[in-house]
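Working notes, beginning with the structure itself.
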Amino acid sequence: METKIKRQVVLDTETTGMNKLGKPDEGHRIIEIGAVEIINRRITGNYFHVYLNPERLIDKEAFAIHGISNIFLQDKPTFAEIADKFIKFISGSELIIHNAKFDISFIDNELIRLKSGMNNLNYYCKVTDSLLLARKIFPGKRNSLDALCDRYLINKSNRIKHGALLDAEILAEIFLRMTGGQMSINFNFEQNNKKINIKNINDQLLLKIIKANEQELIEHYSILKLIKKHSNKCLWII
């Protein structure tokens, strides 16, 4: 029987600015896209990452969050230049985004600028909002990435500033934990010219095994023999 392949892409963006409504405001644009591939609940190590020249200045408030400067983006490609590669990477997948309405509105805005006729992200893939999922699992609690990292014991020490690729990788771990099942992660990629090694979250969750000493084993088997004597059988091997 042929196994059906389920492909999911966890995505995050950084922008020149934002507003409380989660919509592009005052001509704000995307400056970074990070996307991580999951196939059949395994993080594959395949990813999409790009910095973009927004053709406008970054707000001070946004810079304080992600630390991406106008000078750094001067020689980067525009969204139009990378649009085909981006669409190819996400097409046909289930897109996982935290607070999806924010990122979708910015991506749709970029697609509209292309004037290609396909100006809706939902045309290319299904979108799942992991923030809404988290609110169902943890009603009334904080469900930011930082809060969920603390809740699921995920290492966030590298998250000094927001970064689209790093946040997408963290969200991939969180999403797999929220939706159950086992996960595997083995990333080794470049971001801001610095190599980042992401450890398997399972390493953080290993429990210390304390073995019984000789005296404890003797007492254990004595109890088992006593159980067998009084009940004529014992469910444990003695």
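What do you reckon, how do Arg159, Arg42 stack up by accessible area (1.4 Å probe), largest on top?
Solvent-accessible surface, decreasing: Arg42, Arg159.
Solvent-accessible area of Ile39, probe 1.4 Å, all protein chains present, reported in Å² to the nearest ten, please.
Result for Ile39: roughly 50 Å² accessible.
How high is the FRET efficiency between Asp75 and Thr44 when r is their beta carbon distance and R₀ equals 35 Å, given to the nearest 0.05? Can you show the working numbers first?
On the way: r = 30 Å, r/R0 = 0.85.
The value I calculate is 0.70.
Ordering Thr179, Thr13 by how much accessible area each has at a 1.4 Å probe, largest first, what is the list?
Ranked list, largest accessible area first: Thr179, Thr13.
First obtain the Kirkwood hydrodynamic radius of segment 7-179 from its Cα pairs, then insert it into the Stokes-Einstein equation at 25 °C and 0.890 mPa s, and state the resulting D in µm² per second as a whole number.
The calculation lands on 150 µm²/s.
Between Leu217 and Lys126, what is the spin-label point distance in nm, taking each point 7 Å from the Cα along the Cα→C-beta axis?
5.2
For Asp167, Asp12, Asp75, give the ranking by accessible area with the largest first, probe 1.4 Å.
Asp75, Asp12, Asp167
Which three lengths, in whole Å and largest first, does segment 60-113 cover when its Cα atoms are put on their principal axes?
Extents along the principal axes, in whole Å: 35, 26, 18.
How much length is gained if the chain between Asp146 and Leu114 is pulled fully straight, taking 0.36 nm per residue apart and subtracting their Cα-Cα distance, in nm to one decimal?
Details: separation 32, 0.36 × 32 = 11.52 nm, distance 3.43 nm.
In short, 8.1 nm is gained.
The values are calculated or read from the model by the stated rules, or taken from the named source; none is laboratory data. Note that the structure is predicted; figures quoted are calculated from it, not measured. Cβ: placed from backbone, ideal geometry, glycine included. Neighbour counts: every protein chain shown. Protein only, heavy atoms only, side chains kept; ligands, DNA and RNA dropped before computing areas. Shrake-Rupley method; radii C 1.70, N 1.55, O 1.52, S 1.80 Å.
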